[in-house]
Every structure is written in C-alpha cells, then in structure tokens.
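Structure, as structure tokens:
The values are calculated or read from the model by the stated rules, or taken from the named source; none is laboratory data. This is a predicted model, so every value here is computed, not measured. Don't worry about glycine lacking a Cβ; one is built from the backbone with ideal geometry, like all the others, and counts go over all protein chains shown.
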Amino acid sequence: MRSHKVIEIRNLTPSTYVIKMEKKDFTFKTGQYITLGFSGSIDRREYSIYSSEQDNFLEVLIKEVEGGLVSKKLKRCKPGDYLDIDGPFGHFSLKEDEISKKKFLFIATGTGISPIHSFIATHPNMDYQLLHGVRMKEEAYERESYQNNNYILCTSREKSGDFHGRVTEYLKENPVPSDTVCYLCGNCHMIYEAYDILEKQGINLGPIHTEVYF
Amino acid sequence: MKKVAFKTLGCRLNQYETDAIASQFQNNGFKLVPFDKEADVYVINSCTVTHQSDHKSRNFINQANRKNPDSVLVVTGCMANNAKDELEGRDEINYVVENDQKSSVYSLVEAHYNGEIFHPSKVNSDLFSYGSTDKGFHTRSMIKIQDGCDNFCTFCIIPSVRGRAVSRSIQDVLDNVKSVVANGAKEVVLTGVNIGRYEYKKYKFDDIVEQILDLDGDFRLRISSIEPDGFGDKFLSLLNHPKMTPHLHLCLQSGSEPILLQMRRMYNIKRFKEIVNKVRSVRPDFNITTDIIIGFPNESDQDFESTCNIIKELKFGHVHAFKYSIRKGTRAERMTEQVDEKIKTLRSETLREIADDVKLQYRNQFIGKEQIVLVEKTDGENAKGYGEHYVPVEFKGYELKKNHFYKVKITDINKDIDPVLIGEQVK
C-alpha cells in the first residue's frame, strides 16, 4: 500500500468528480484498476484508472454513490491530503499486437468510461468508436477528450445526446462489423444485453472483453 | 520423542503446505500423531473461504486446547490472515502465522523449545521455500507453482489473505518435479491459488506444463483446480499427452450469465462449454469436476435453474457445491439482494441430488473398462486408490504395494454417496 498526495479535485457534475494524485513510481497497464481510501482507513473501494500510462499523475473518475461510504468521503478530500493506493489489479487490457491493427468498439455506461478514457489517452491513434450510455447530456464526462466523430453519446432520459436511447438500442440499429474488437465496461445488465447483441451480429467470443461496474 | 498433530482445512494448496511442514517436523525427530490424540504441538492450517470454514477452524482450536492445554498451538493459513487480531487475543494459541510465514512454522516451534520466542512476522517470508513432502499425508506429490490471485472475484476473500499472484521460478519447479520423481513419486499434482495465471519471465502456464510433461520418468501429471480463464488452446492440446491424467477441476461457480458477471468471473457460459466440449471431443470420458456457489446475491430461481441445467448438460464427474456466505471486505458484501439462508439450503439439497445422479452416471461408464490405479492403501490383496480419471477404485490383486500403478478391470460400482469403482487386477 502506497500513500499518494492529492493534487486536484475536478468536479464534472454535482455528483461526479476526478481525483488527480501524484503518480510517484506507480506503474500500470491501461485498463487496470486500483483500490483507494484515506490513509490509515480500512474503508476502500475499487476504481479504474482514468489517466494514461504516460501521464505523470494518476487520476480516477468517481461517482458519489447515494448512501455510499467511501465515494462521499473522497469527494470531500482536498489537495494535500493523502490517499492509500493498492494495485494495480485486473485483466481488462488491450492486446499489444491489436492496438495499431484492429478497429475497436468501446461501450461504456456512466463512469464505466474511465478505463476507456485511459485506453484512448494512452493510445490516441487507435481506430475506435465509443458508445457512452448515460441518462443526461451533462454526464458526458469530458467528451472533448475523444475525437468528435468517434464518440456517440446515448442518452436514455432526454433527447440531448447523439442518440436517444440505451447503448443496446443503438447497437441493434447499427450493427458492428464482425472483425471489430469490443470492450464493454459498465453495469451488469448492459454488458449482458450488449454481449448477446454482439454475438448475434457475428462477433466471436474472443474479441469481446468485459469489466463490470456496480 | 515429541509428538505433532496437524489439521488441514480447505484447498489443495493448504494440503501441500501441511505435507511439507509435517515432513519437516518428522525429519527433525517429531512423531506424527492423529489430531484427536494428545500431542506436544498442534498445527491448524486454517481456511476462511466461507463462514463454515471459520467455524470449523475455531472448533479445531478448541479441540486441540482441550486435548493438551500445555501444547504449543500454532494456527496458520487464511484465517490467520483474516482474523489475526482475534486469534492473537486468544491465550491458548501460541503462534498465529500468516500465509507469508507459513513455511517457517517448524523453525518457530524449534526456537520455542530452545527458549527463543519469535514473533512470526520476524521469520522467513518466502512463499516457495517449503521443503519436500516425502513424509506428508498424501501418496500424490504436490508441487506448488504459484501463490496468490489477482482476479478479485466479488465473492472471494482469497486475494486479501493469500496476496497478489506470484509464480515460482520455472527451474525451481522442474527441479522439484525431478527430485520427487527420483524419490519415487508416481503422480505429480500442480497446486497454487490460480495456477492458470502462472507467469514467470516469458513462461506461462502451458509452457511449464509442457516442460514437466517432457521430463523423463514413470509418473503422471495431474492438474488440480484451475480457473477457466488464463490459459489457451496450447494447454488444451497438452491434455492428450500420455503422462497427463484426464481430469480437470474447472471452477464454474454458476450456470447463470448475469450471476457470473456479478461475480466478476472472466468467462461466460459459452466459453466454459467450449472448453469442456473441446476437451471431451478428443477424450469423451474426460473427468471434469467443478465448484458451484449456491445463493450468491441476486441469484433468482431462474439463475439457479440454469446452474442445475448446466450440471446435467456437462455431466460433471463431481460437483463441490457450497452455500455463499458473506466475506468481509469483498465487493459482494455490499450487494443488497442477499439470498435467504433457507432458500440456499433448499437449493443446496436440489443441486446435491442432481450432482449425485450425474456423478453416478459418469462413473457407471467405467464398468467393463480398465483404469490405471495408483494405490494409496493396501493389505497386499485388497487395495484402494485413484484411477487416472481421479475416480476412486477398490480392487483385489496379488502382492499389491502402496504407491505402485496397477492395471485394473472395472467390474462393478459401489453406489454410496461417493460411488467407488470395484475391480480386479489385470495380470
């Protein structure tokens, strides 16, 4: 377990924020996650890393959970506070030999976009399309990070996005070429449904990678 | 001569580690006695994977203390990591040894008798420095190739108590296998927490398996428990090697896709079936055994039915099923839709009946066929052991010896809860 100093808190919506911390000698593979908590506290939660492998800082994207213990406390942390980091963990990673050769489809709901942000920031020249499922337009967290034509915002509660409806509905209306490599990150129901749709569209099991957010 | 008694709970890795510690005690003049007898030293190698394992570990601590309150009582294993403060607060326990220091249990006890009292945290913490298991409790020789797990399944406490995944050097593993085979081991079993994720320098799991299979000697290789992720087709092709036993304990945990996702397992049902079908397309009688968790949060009747259906469909040779119990600090602890204990119990009964039927069907197919049995117990004329498929066999023969292979013709099956194949030695 390492202690990392908080550099900045960036509020993206009233409930969602990015914590930027010192990186020190921490290394990770883009897509991995860490566990985070206040130094000395036993309460810890898992967060995917939002920043890129090459950034000289470490960022995580957090949504404050109603009644949540850690996400509420973390939102109140200030520059100069210390947070304990453990990790990196997880196998939700890009394959080196595919990065420059394949076309990627990233599907994320809510803050599930965090590891996808890290993928794209680490490999900005990737050939990708990103479907981001949220309720409202304001949840398009830092959409300027993505090339405009490659980012499709699917809003389920209002018509302000690029597509009105869930990511799964977008997928049904816009079939995916079978040689696409897919990474799905977000809530369990989205992953389950999207998986089914992609399989029916001819995507084989191997190129579908998933990470569940709760 | 001082007497030592062991109790091991939980996984095969614990069994291996107990075997190695027990050998060390015996090599240093201790006499091994059953756990229910009076001993000078009691070693409990605990488990904490469920509430029930914690409960059992506590019972064995009480039992050891009742048998000899003046004994040196050592508690090690995963419960020692997970409930360290509680255990260190109990006066009757002399040493609470976390997994990292487990290989030093003998040194601690030796120092204790020499009047030197060390805190276990001050001793060697090498995960792979166990000695040989030649005087252990098992005929099969277990080889530890890996420890820890990075998968962080939402129900599982093991990454917290066993730590991050670490692999043993490939040369150490090969030397260990050569040494046990040279000392007469006929069956080598690979153990670890998540062996499919073995990775040492450029070598992955299939590389180490291939190199072990290529070693000379009259032995067979058994893969113990393995997760369905982390290995590729190269490993599956090695399953046809003549030294490889046709048995895999492939952990499924649930037959429901949504539950697998919530467990954060890294495969889906289709992938699991693909592996099983690939393996059985070459060898239809290949024994696939598995683990199932009953009553994971949110498990509906439909989810449970899917699990029952896949057990019937894949005809597992054995199902190790256990009721889900909350483990503190895991992600599933915070899941709100916990399943009622009564429902878990009912589902367990249903599943057990299905699993028993399927097991009997699986084992019945061996009647009339031959098995190569490694004898574990014998009086010279009657013997018990396991065939290459890891199915228990009892047979009659002539001048039978322990730790020898015999070709056995299966003639019948004993239809107990754990059906045993009955046979006769083929001369």
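Residue-by-condition table, conditions (1) surrounded by fewer than 18 Cβ atoms within 10 Å (Cβ to Cβ); (2) among the aromatic types (F, W, Y); (3) within 14 Å of chain A (Cβ to nearest Cβ); (4) closer than 30 Å to A:F89 by Cβ:
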position: B:K102; (1), (2), (3), (4): no, no, no, yes
position: B:V109; (1), (2), (3), (4): no, no, no, no
position: B:Y113; (1), (2), (3), (4): yes, yes, no, no
position: B:S121; (1), (2), (3), (4): yes, no, no, yes
position: B:D126; (1), (2), (3), (4): yes, no, no, yes
position: B:T133; (1), (2), (3), (4): no, no, no, no
position: B:H138; (1), (2), (3), (4): yes, no, no, no
position: B:S141; (1), (2), (3), (4): no, no, no, no
position: B:G148; (1), (2), (3), (4): no, no, yes, yes
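If only one of A:E169, A:E144 is charged (D, E, K, R), within 21 Å of A:P115 (Cα to Cα) and either in contact with a strand residue (DSSP E or B) (Cβ under 7 Å, 6 or more places away or on another chain) or part of a helix (DSSP H, G or I) (or both), which one is it?
Exactly one residue qualifies, and that residue is A:E144.
Does B:K270 qualify as being within 14 Å of chain A (Cβ to nearest Cβ), surrounded by fewer than 18 Cβ atoms within 10 Å (Cβ to Cβ) and free of Cβ contacts under 8 Å to residues at least 40 places away in the same chain?
So B:K270 passes the test.
For segment B:301-349, enumerate the residues that are within 14 Å of another protein chain (Cβ to nearest Cβ), hydroxyl-bearing (S, T, Y) and in a helix (DSSP H, G or I).
B:S306
Quick one: is A:I120 surrounded by 15 or more Cβ atoms within 10 Å (Cβ to Cβ) and within 14 Å of another protein chain (Cβ to nearest Cβ)?
So A:I120 does not fit the description; no.
Taking segment B:162-184, which residues are of a type in the set (G, A, S), within 20 Å of B:Q15 (Cα to Cα) and in contact with a Gly (Cβ under 9 Å, 6 or more places away or on another chain)?
Scanning segment B:162-184 gives B:G163, B:A165, B:S167.
Mind checking which residues of segment B:16-56 are polar (S, T, N, Q) and either buried (at least 21 other Cβ atoms within 10 Å of the Cβ) or within 23 Å of B:L127 (Cα to Cα) (or both)?
Result: B:T18, B:S23, B:Q24, B:Q26, B:N27, B:N28, B:N45, B:S46, B:T48, B:S53.
Among B:L213, B:L221, which is surrounded by fewer than 19 Cβ atoms within 10 Å (Cβ to Cβ), away from chain A (no Cβ under 14 Å) and more than 30 Å from B:R331 (Cβ to Cβ)?
Only one candidate qualifies: B:L213.
Mind listing whichever residues of segment B:247-267 are touching a residue at least 60 places away in the same chain (Cβ under 8 Å) and either surrounded by fewer than 20 Cβ atoms within 10 Å (Cβ to Cβ) or within 14 Å of chain A (Cβ to nearest Cβ) (or both)?
Scanning segment B:247-267 gives B:Q262, B:M263, B:R264, B:R265, B:M266.
Working only within segment A:1-22, note down all residues that are closer than 23 Å to A:V65 by Cβ and assigned to a strand (DSSP E or B).
A:H4, A:V6, A:E8, A:I9, A:R10, A:N11, A:T16, A:Y17, A:V18, A:I19, A:K20, A:M21
Counting only residues that are aliphatic (A, V, I, L, M) and surrounded by fewer than 22 Cβ atoms within 10 Å (Cβ to Cβ), how many does segment B:1-15 have?
Qualifying residue count for the region: 1.
With the condition being of a type in the set (K, R), closer than 20 Å to A:I113 by Cβ and within 14 Å of chain B (Cβ to nearest Cβ), I'd like the strands (runs of 3 or more DSSP E) fully within segment A:28-76 carrying at least 1 qualifying residues.
A:45-48
For segment B:30-144, list the strands (runs of 3 or more DSSP E) that sit wholly inside it and hold at least 1 residues that are at negative phi, outside the structural domain of B:G10 (by TED's automatic domain parsing) and not β-branched (V, I, T); which are they?
Fully inside segment B:30-144 and qualifying: B:141-144.
Of all residues being over 18 Å from the mean Cα position of the chain (by Cα) and hydroxyl-bearing (S, T, Y) in segment A:169-214, which is farthest from B:P228 (Cα to Cα)? Just the residue, please.
Once the filter is applied, the top-ranked residue is A:Y170.
I'm trying to understand the selection: among the residues of segment B:163-187, which are more than 14 Å from chain A (Cβ to nearest Cβ), charged (D, E, K, R) and either in a loop (DSSP other than H, G, I, E, B) or buried (at least 20 other Cβ atoms within 10 Å of the Cβ) (or both)?
If the condition is that a residue be more than 14 Å from chain A (Cβ to nearest Cβ), charged (D, E, K, R) and either in a loop (DSSP other than H, G, I, E, B) or buried (at least 20 other Cβ atoms within 10 Å of the Cβ) (or both), then B:R168, B:K186, B:E187 are the ones that fit.
Kindly indicate which of A:V212, A:V176 is more than 19 Å from A:V134 (Cβ to Cβ) and either within 11 Å of another protein chain (Cβ to nearest Cβ) or modelled with pLDDT of 90 or more (or both).
Only one candidate qualifies: A:V176.
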